[in-house]
Amino acid sequence: MLRVLVVEDDASLRRVLERGLVEEGHTVQVAADGPSGLRRLLAGGLDACVLDVMLPGLDGFAVVEQGRAAGVTTPILLLTARDAVPDRVEGLKRGADDYLTKPFAFAELLARLEALTRRGQPQVARLEAGDLALDGASHRVWIAGAEVTLSQKQFSLLEFLMRHRGQVVTRAMVLEHVFGYTFDPGTNLVDVHVGNLRQKIDSTAGPSRITTVRGVGYRFEVA
């Protein structure tokens, strides 16, 4: 059972999502505008948030950004009617974990929520690479002793890359093991999340800890 917050101003869609999630055995909170959605997101106690982009008062991008700035790590799935790739990228850059473009099948929303909230136990409690340390038990990351705040997906991505340090991991491997998708040729989730992660863990003075292997994927290096 998941505790899900649905923030959607379209009343009919909000009711459909609420009813469908409840019928699947989940507990649902709802909000109809950005400010109330942000308040409930900040209150915590959630396993996932389904968040529309076009909201009155505060749009979904701002809700994500302010939530992440306040330390919220709840997985966030954006709902958007926009087809432009830059809008999807913008949401992910602000801190969302995934997106669905309207109209969508409810079954796909359920599958993506399941993938976002899948919490496998880390194979190693603590990983270290140079001055970077990751603790799987407490879900915390430090660089040179200073703690770095990551979203759940950023943490999972870093943990996966660190466990495969020095090895090339393909985008398909990351999609499967971090995002729970066996195949999705149209998504740029991996590239965007890697870019966001680089901004969190790389210094401006040296090379990136995550090397792009052109046409293949990525390799984590000790900075």
Find the strands (runs of 3 or more DSSP E) located wholly in region 8-114 whose residues include 1 or more that are within 16 Å of the chain's Cα centre (by Cα), and list them.
-> 48-52, 76-80, 98-101
Restricting the first residue to region 149-172 and requiring it to be free of Cβ contacts under 8 Å to residues at least 60 places away in the same chain and on the phi > 0 side of the Ramachandran plot, which pairs with a second residue that is in a loop (DSSP other than H, G, I, E, B) and open to solvent by 40 Å² or more (accessible area, probe 1.4 Å) meet a Cβ separation below 8 Å and a spacing of at least six or different chains?
-> Gly166/Glu221
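Please specify each residue of region 3-31 satisfying the condition of being over 18 Å from Ala48 (Cβ atoms) and open to solvent by less than 50 Å² (accessible area, probe 1.4 Å). Reasoning before the result, please.
Step one: of region 3-31, the residues over 18 Å from Ala48 (Cβ atoms) are 9-12, 15.
Ala11, the sole residue that qualifies.
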Extreme residue, most open to solvent (accessible area, probe 1.4 Å), among residues of region 32-75 that are within 15 Å of Lys153 (Cα to Cα) and in contact (Cβ under 8 Å) with a residue 40 or more places away in the chain | Thr73
Considering only region 178-210, how many residues are at pLDDT 80 or above and open to solvent by 50 Å² or more (accessible area, probe 1.4 Å)?
-> 5
Name the one entry in Asp59, Asp97, Asp10, Asp33 that is under 20 Å from Phe179 (Cβ atoms) and of a type in the set (Asp, Glu).
-> Asp97
Provide a single number: the residues in region 65-95 that are touching a strand residue (DSSP E or B) at 6+ places or on another chain (Cβ under 6 Å) and modelled with pLDDT of 90 or more.
-> 6
Scan region 148-169 residue by residue and report those that are touching a strand residue (DSSP E or B) at 6+ places or on another chain (Cβ under 6 Å) and either open to solvent by 50 Å² or more (accessible area, probe 1.4 Å) or among the polar types (S, T, N, Q) (or both).
-> Arg165, Val168
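The values are calculated or read from the model by the stated rules, or taken from the named source; none is laboratory data. Please read these numbers as outputs of a predicted model, since none were measured by experiment. All Cβ positions, even for glycine, are placed from backbone atoms using ideal geometry, and neighbour counts span all protein chains on display. For accessibility, only protein heavy atoms count, side chains too; no ligands or nucleic acids. Shrake-Rupley method; radii C 1.70, N 1.55, O 1.52, S 1.80 Å.
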